[in-house]
Amino acid sequence: MSHVLILNSNMYAIQVAPWERALTLLYLDRAQVVDEEYRTYDFRDWIDLSREMERHPAGFIHTPYFKLAIPEVIALRFFDRVPQQAVPFTRRNIYHHYGYRCCYCSRRFPTAELNLDHVVPRSRGGLTDWTNIVTSCIPCNLRKGDRLPKEAGMKLAIPLSLPRRRSGLALMARCPVPMRRSWQRFVDNVYWDSALEEN
């Protein structure tokens, strides 16, 4: 199944969508195809160009009247915002946010040797969210126990911090499909999910 990179009208990557959605946007004149030279094509122009193509990396769809290359990149004509999204509160995101380090001793560990620690214990009303959870190695977690860090004679070597909201480009990092070579110029320096550390 082919996917298409969708850009806003300023050529910033904002999402990846199935090819059917991309062609619908193109047909409704809400988007244009973008080629490697940043040239844009509306639906009619793309049909004409598709007739001249013998091969296309994403393939073609065929109708009784014409063949149409499935675009690899499209740009929305009237949308210029870059959506922002809160970082989901998940174990993996917490580990990644703190760099797979114990926030008390600051040493790096594989995930099997890390715990999540409530800085303010739940027994004292501590919340289970970004404002109160840090990563902790098992020895530091046992040492701290059900106490405040100060009561355990400990302090946070890596301060408690909130993750930054992800921009549209960073949303691409969560994309479950492999990145196409033609997308690279629009999403350079993006950390793709397939490359995330699995330790």
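Out of the trypsin sites (Lys or Arg not before Pro) in the range 1-59, which ones are loop residues according to DSSP with at most 16 other C-beta atoms within 10 Å?
Answer by residue number: R30, R39, R55.
Determine the shape class of the range 86-164: with a ≥ b ≥ c the square roots of the Cα gyration tensor eigenvalues, call it rounded for a/c under 1.5, and otherwise prolate if a/b is greater than b/c, oblate otherwise.
It is oblate, given that a/c is not under 1.5 and a/b is not larger than b/c.
How would T40, T24 line up from fewest to most surrounding beta-carbon atoms within 10 angstrom? Write down the numbers at each step before the final one.
Values: T40 16, T24 13.
The fewest-first ordering by Cβ neighbours comes to T24, T40.
Sequence gap at least 6, Cα distance under 8 Å: using those rules, report the relative contact order of the range 86-164 to the nearest whole percent.
34 percent
No value in this document is a laboratory result; all are computed from the given coordinates. Here the structure is a predicted model, which means the values were calculated and not measured. All Cβ positions, glycine included, derive from the backbone under ideal geometry; neighbour counts span all protein chains shown.
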